[in-house]
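Colleague: Structure below; questions to follow.
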Amino acid sequence: MAKGKKTAFFCQSCGYESPKWMGQCPGCREWNTFVEELPAPKAPGRAAGGRPASEPVTLGQIDIREDIRQGSGIGELDRVLGGGIVQGSLVLVGGDPGIGKSTLLLQMCRHLSEKKVKVLYISGEESLRQIRLRAERIGRFSDGLLLLCETDLAVIKQVVERQSPQVVIIDSIQTMHNEEIASAPGSVSQVRESTSVLLQIAKGKGVTIFIVGHVTKEGNVAGPRVLEHMVDTVLYFEGDRHASYRILRGVKNRFGSTNEIGVFEMRDTGLEEVKDPSKFLLEGRPENAPGSVVACSMEGTRPILIEIQALVCRTNFGIPRRTAAGTDPNRVNLLMAVLEKRLGMDLGNCDAYVNIAGGIKMNEPAIDLGVVLAVISSRQDAPIPDHVMAFGEVGLSGEIRAVSMAEQRVLEAKKLGFETVILPRVSLKAVDKIKGIRLIGVGSLRELMALRFGT
Ligand code: TYD
Ligand code: MG
């Protein structure tokens, strides 16, 4: 047996360490994610050496002036970051390959360098020529932006010390490597060690670092879940590769709310901010089609109107098929069960397909009423009028429950020219000041049916 070289197995998704191979990771329950690696050497001085003894302090003694925020020049990005880039923070931007992470960050660099911020963009994936070609499509760049093609973290550390930039972009963490670690770039140990080096640079020198992390399902590239614990902010860039819009979602943020989303559109000149996502998402909506209903979901402080589509048809097999795209399939099943039980609707031998148009993902309970209306409308083949928007949570007894921020939702509907809003009856008093739009409060599914929408 080979002695001396002791290896361990690491889950490539969450970083769980095990002395032997396992099929399923006990940490994150993913299958087939263990890969043999050489564990990080316990370098002397890494844990305790050289640091002065820590002393506890009172809250009053802590200096909070450093929490300086700076606009990134991209409004939608600032919104997700919680109002701007916090100096000295470590931000992870995750997403599928090709979704637009490099483009977004390069655009941010362009705005920052125009504002005389010293930016260093380090790419381990693309050559300088490729970056230049991409930059040409985006627009003019000032000389404040420095570029570097490098994957060795020791070199990167030296360059950062020499140049002392204020903002550094690492594209991507999966290509970076640390000499002290024997495993391949992209493996869990490498990614974790590289990030901890970057963390030291960020916190020690007050440099803001943006780290790009690819997410793939295969597990040969370390999942960014390992990194989520280490960084201050985690943003995910998502969207359908076939659709042009992209959504930037905050998953973790030590400096702000995580509910906010930023909406972008990928054009041939880079990413364009979408200031009015509701209008954008409702474009191309069919007119008076059965099974199509507009609902409203709050994303952070912003109401977003979406089109929910349902298709209910007779099943050809014994077991009805139910699928939901863009929302939780279990929730759709539950709502259909409520419809069957509370309204006596016959859905038992029907297939049902529910879809949020545009490929966007929404899971707020406030869209329940929209889902229910879409299913009823499709089942009865009766369209819901185009000018109707609906929101509200549906309970198991068929009651329509109040949801938060009713006023903002109604105002958004009004702004987009909707004439009627169906909402929970208990929410009516929150919106009684709004004029110029018809408000219909409903208390239960039975009352909803009596409205003669879809009957
Ligand atoms: P990219 O930022 O390279 O993705 P990531 O860094 O997340 O892997 O985005 C690449 C995609 O974006 C590619 O399919 C081409 C497209 N794109 C445009 O449509 N317009 C543009 O102006 C740019 C720069 C890229
Ligand atoms: Mg890229």
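Colleague: Determine which single condition residue 84 fails, assuming it passes every other condition in (1) within 16 Å of residue 235 (Cα to Cα); (2) crowded, with 22+ Cβ neighbours inside 10 Å.
Modeller: (2)
Colleague: Another one. Could you tell me whether residue 78 is modelled with pLDDT of 85 or more, more than 16 Å from ligand 2 (Cβ to nearest atom), surrounded by fewer than 22 Cβ atoms within 10 Å (Cβ to Cβ) and not hydroxyl-bearing (Ser, Thr, Tyr)?
Modeller: Spelling it out, residue 78 is indeed modelled with pLDDT of 85 or more, more than 16 Å from ligand 2 (Cβ to nearest atom), surrounded by fewer than 22 Cβ atoms within 10 Å (Cβ to Cβ) and not hydroxyl-bearing (Ser, Thr, Tyr).
Colleague: Of all residues in region 265-280, which are buried (at least 21 other Cβ atoms within 10 Å of the Cβ) and touching a Ser or Thr at 6+ places or on another chain (Cβ under 9 Å)?
Modeller: Correct list: 271 only.
Colleague: Filtering region 8-57 down to residues that are among the hydroxyl-bearing types (Ser, Thr, Tyr) and within 35 Å of the chain's Cα centre (by Cα), which residue is modelled with the highest pLDDT?
Modeller: Checked region 8-57; the qualifying residue modelled with the highest pLDDT is 18.
Colleague: Sticking with this one: Would you confirm, using the coordinates I've provided, whether residue 56 is assigned to a loop (DSSP other than H, G, I, E, B) and without any contact (Cβ under 8 Å) to a residue 60 or more places away in the chain?
Modeller: So residue 56 fits the description; yes.
The values are calculated or read from the model by the stated rules, or taken from the named source; none is laboratory data. The structure displayed is predicted, hence computed values, not measured ones. Note that each Cβ is placed from the backbone with ideal geometry, even for glycine, and that neighbours are counted across all protein chains shown.
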